[in-house]
1. In debye to the nearest 20, how big a dipole does the range 130-302 give about its Cα centre with +1 on each Lys and Arg Cβ and -1 on each Asp and Glu Cβ?
2. What full-extension length gain, to one decimal in nm, is calculated for Thr163 and Thr64 as 0.36 nm per residue of separation minus the Cα-Cα distance?
3. So for each of 220-230, 307-317 I average, over its residues, the number of other beta carbons within 10 Å; can you give me the resulting order with the highest mean first?
4. Multiplying the sequence separation of Ala154 and Leu91 by 0.36 nm and subtracting their Cα-Cα distance, what value in nm do you get?
5. Only bridges whose two residues both fall in the chain count here: according to DSSP, what percent of them are antiparallel, nearest 5?
6. Rg to Rh ratio, the range 222-333, alpha-carbon atoms and Kirkwood radius?
7. Could I have the simple spin-label model distance between Ala290 and Lys245, label points 7 Å from Cα toward Cβ, reported in nm to one decimal?
8. So for the range 130-302: antiparallel DSSP bridges make up what percent, rounded to the nearest 5?
Amino acid sequence: MELVPRRATLHSCWYGAGNEWETHRRKALRAVFVDATDTLAAIAERQLKAGDPVVAINRQPTITPPELPDVLGDAQIAVIDHTHLPMDIALACEALKHVVFLGTGPQSYMDVYALAQKGITVHIVKGYGDTAVAECAFALMWASAKSLANMDRAMRAGEWRRTDGIQLTGKTLGLIGFGGIAAELARMALGCGMKVIAWNRTPKSRADVEFTDLDSVLARSDFLSLHLLLTEETRGMISRDRIAKIKPGAILVNTARGALVDEEAMVEALRSRRIRHAGLDVYAVEPLPAGHVLTTLENVTLSAHSAFRTQEASENLIRIALDHCRRIAPTCK
């Protein structure tokens, strides 16, 4: 049999020639990775095993929601990296029963609870990039403390701008939320001589971390790093009132979700220098629009929601996602 792809953008672990491919796809297809980047597609193709459920990989990372019903066809499992899934679109995908979301924050892309009420279960991938995200948060802490991005921009413009920084050693890092990423960041911070305090919504304990109430973390921390999932309870949690309680001159780092923070109040605090600097990987609106106010502030260091994007984390991400598909597929009839 000649093995050829039927479409230029749709790939799978099984290809058949001509109508035979379409017949096989209709009968056997269980999952579609709807918005694969080249990197993630290559990892998925390498990790698929003989005997796995058929997983089609759409090498077209930019998909609009109205395109999803056609991309999914009669697949019952959608693997989604960054595409929004509005309820009306989900209901138009008549066979859809499961969504495997590549991360821990699907609420930014879909209404998980409403989908569940319609019989569509959303599965998340935990722990795949704890070290990667913690390293990014640590890098943003260092860059913010030393104003590295600001000096870099100035030097590229021909200006020799020396900027006084602050040391991390001896300072207090406050962690808001204490899951796997925060635990990794605590390990790194302790290693460079920082004191670590934390608040978590449920009780936690660790010998080298002081757990206390949220107001104390806000008031005592020289560096604040956010590590909360975005839910209806945590949306806007770092409110104007809570920003007013932050220790003057503190540095804020957010590698979690932009919607955790009242962005307008944060901008005001940055302008007044109540917040000395912010290191941000996530935003209320993504991609960050051109000319956004955050791009105009010198005391902000920005990265493009890429904290988790390392080769190691991507390998873990796809491995766990495919394990979800292997577990779910036998239940799909």
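Only the coordinates and a few stated rules stand behind these numbers; no lab work does. No experiment lies behind these values; they were computed from the predicted model shown. Note that each Cβ is placed from the backbone with ideal geometry, even for glycine, and that neighbours are counted across all protein chains shown.
1. 500
2. Between Thr163 and Thr64, full extension yields 31.3 nm more.
3. Peptide ranking by packing, descending: 220-230, 307-317.
4. 17.6 nm is the gain from fully extending Ala154 to Leu91.
5. Here the antiparallel bridges make up roughly 10 percent for the chain.
6. On the Cα set of the range 222-333, Rg over Rh gives 1.10.
7. It works out to 4.1 nm between the two label points.
8. Just about 5 percent of them are antiparallel.
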